[in-house]
Every structure is written in C-alpha cells, then in structure tokens.
Amino acid sequence: MSESTISSYRDLRVWQDAMAVAEACYRLTQAFPRDELFGLTSQIRRAAGSVPANIAEGHGRDNTGSFVQYLRISQGSLKELETHLILAERVGILPLATSQTTLAQCDSLGKMLRALIRSLQDKAAR
C-alpha cells in the first residue's frame, strides 16, 4: 500500500497483521484451563492486544519520533507475547503445533515492525 493511501492506522498492514495475531491469541486461550484465567490467559491476551493498540496510538500521534517509540513498545509487547506462548507450550497447555504457528506469525510481525521502524528512521534522517 502506498503512503498516499494510508488515511488511518487501520490501513497499515502491520496493524492488520497485529490484529490477526491478537485475534488468534484470544481464540487459542479459550481452550486454556479455567485456573489459568488470571495467569497465562490474561497475560497472553494483554500482550497480544497491546501490539496493535500501540501501533494505533503511535500512528495517531502524527509525529514520526513518537510513532517509532510506540512501534518499539509494540516490539516489546510482541516479545513478551512470544515468551508467554513458549511458556504455555512448555507447561503443556498449548499444543506444540499451535505454538509454532502462532510464533511464526509473531516472527513475521516482528520483521514487519523492524522494517517499518527502519523506514521511518531513514525517512526522518533525510
């Protein structure tokens, strides 16, 4: 999508992919044990929702420096999410196949975030 067609954070592919990851995390945690509701279920959902929320908030700041800062916060939340997913798999409440699929989505999203940050920084340096 070209820059001229981006009128909202919702037009950003990185936000769309972050929302897809968050949605997947909400769905996969539905199968978690009830006693994890205030543990890993809550942690995964909070971290997953934080990624697209920070992309949106940063975009809304209308300042490249602030946007980059919020994208970095999204990266941090994404790494937190990955850690919770790995833990859930290690303790046996998340099937390995589901863990691998979701972690692959996270990896792709992380690359997209890094590329956007680099692009914004390069643009600001010009």
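Just so it is clear, none of the values below were taken in a lab; they were calculated from the coordinates. Just so it is clear, the model here is predicted, and its values are computed rather than measured.
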Separation of segment 1-45 and segment 96-124 by C-alpha centroid, Å? 13
Take the alpha carbon gyration tensor of segment 9-125, find the square roots of its eigenvalues, order them as a ≥ b ≥ c, and report rounded if a/c is under 1.5; if not, report prolate when a/b exceeds b/c, else oblate. prolate
For Ile93, other-chain or 5+-apart residues with amide H closer than 5 Å (H placed, Pro excluded) are none
Would you mind calculating the gained length between Lys79 and Ser7 on full extension (0.36 nm times residue separation, minus the Cα-Cα distance), in nm to one decimal? 23.1 nm
